[in-house]
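Contents: one structure, followed by commentary.
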Amino acid sequence: MIKTTLSIAALSLAVVACGPAKSEKETTEENIEEIIVTEEEWISLFDGNSLTGWTGFGKDQPGEAWEAADGVLYFNSGKKDEGASAGDLVTKETFGNFHLQIEWKISENGNSGIMFHVQDNGEYDRPYHTGPEYQVLDNDGHKDGQIITHRAGDLYDMIESSEEAAKPVGEWNKTEIIINDNTLQFFLNGVKTVETTLWDDQWKAMVAESKFSKWEGFAKYKEGKIVLQDHGDDVWFRNIKIKRL
């Protein structure tokens, strides 16, 4: 599929310029339809100034420690320490096969994560009881950075990154998570850090050997919520968008 920034008006002029030849006109109209689909298939999950589309896990609204302003979604751990409500941030929509793009910046010694296929239906106490996690971490400052499979870009506690791709603490990183049928891929700053097959025998064996083995519902679901984790540390997110596959 060809992507372009040409306006629909400009393309309409192109149709006229093509003359009466039916095949050329039809081709141009088909291209216009393709471009419209391409531009609209990405869904913005963050409008830059509000928490519209999000709620707290097991709650009717997001925790007060989550703030949105100037294009940045921020978990303010100081507000949590002062008694503000907090907790993990959950999309109101569910997603099965998808391509998620999100940028994040972690605080010094900080820890957070991005979970997917999370079930928020009252049956489970925590998002990680059902949803696998893309690790967000200050690799050099946090103690989890010393554990293989607990570093930034890892499939947390299951698969370590193919190579180190995280930027220094305080800098923005770009994450991509792609699930298409039974294939899972993680990217960090353009580097593919993880690729694996979901729900096959090897996957089930990895789950059985992980800390998640005690939760029967973990990684069993093929659709669910996207979750941004409250791990008690400051973390920033921006440019959050998703495409259904």
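The values are calculated or read from the model by the stated rules, or taken from the named source; none is laboratory data. Predicted model, so just to flag it, every value in this text is computed and none were measured. Positions of Cβ are backbone-derived with ideal geometry, glycine not excepted, and every protein chain shown enters the neighbour counts. Surface areas here come from the heavy atoms of the whole protein model, side chains and all, with no ligands, DNA or RNA. Shrake-Rupley method; radii C 1.70, N 1.55, O 1.52, S 1.80 Å.
Observations on the structure shown:
- Only a single item in (1) touching an Asp or Glu at 6+ places or on another chain (Cβ under 8 Å); (2) open to solvent by 50 Å² or more (accessible area, probe 1.4 Å) is not met by Gly141, and it is number (2).
- Pro168 fulfils the conditions (1) more than 14 Å from Gln135 (Cα to Cα); (2) in contact with a strand residue (DSSP E or B) (Cβ under 7 Å, 6 or more places away or on another chain) except for a single criterion, (2).
- Residue in segment 191-212 that is at positive phi, under 17 Å from the mean Cα position of the chain (by Cα), touching a residue at least 12 places away in the same chain (Cβ under 8 Å) and surrounded by 14 or more Cβ atoms within 10 Å (Cβ to Cβ) present: no
The rows are residues; the columns are (1) polar (S, T, N, Q); (2) under 29 Å from Tyr221 (Cβ atoms); (3) open to solvent by 50 Å² or more (accessible area, probe 1.4 Å); (4) under 19 Å from the mean Cα position of the chain (by Cα).
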position	(1), (2), (3), (4)
Thr55	yes, yes, no, yes
Gln61	yes, yes, yes, no
Gly71	no, no, no, yes
Phe75	no, yes, no, yes
Thr94	yes, yes, yes, yes
Trp104	no, yes, no, yes
Asn111	yes, yes, no, yes
Ile114	no, yes, no, yes
Val118	no, yes, no, yes
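- Any chance Val235 is of a type in the set (Val, Ile, Thr), out of contact with any Cys (no Cβ under 8 Å at 6 or more places or on another chain) and more than 17 Å from Asn139 (Cα to Cα): no
- Close pairs (9 angstrom Cβ cut-off, 6 or more residues apart or separate chains): at positive phi in segment 67-86, outside any loop (DSSP other than H, G, I, E, B) and open to solvent by 40 Å² or more (accessible area, probe 1.4 Å) anywhere: Gly71/Arg238; Gly71/Asn239
- Each residue in segment 159-170 was checked for being touching a residue at least 40 places away in the same chain (Cβ under 8 Å) and under 18 Å from the mean Cα position of the chain (by Cα), and 1 pass.
- Only one of the numbered conditions (1) open to solvent by 60 Å² or more (accessible area, probe 1.4 Å); (2) more than 17 Å from Phe98 (Cβ to Cβ); (3) not charged (D, E, K, R) is violated by Asn180, and that is (2).
- Pick from segment 144-164, criterion among the hydrophobic types (A, V, I, L, M, F, W, C) and surrounded by 18 or more Cβ atoms within 10 Å (Cβ to Cβ), ranking: nearest to Ser107 (Cα to Cα): Ala152
- Where Ala219 falls short, out of the listed (1) open to solvent by less than 60 Å² (accessible area, probe 1.4 Å); (2) over 23 Å from Lys92 (Cβ atoms): (2)
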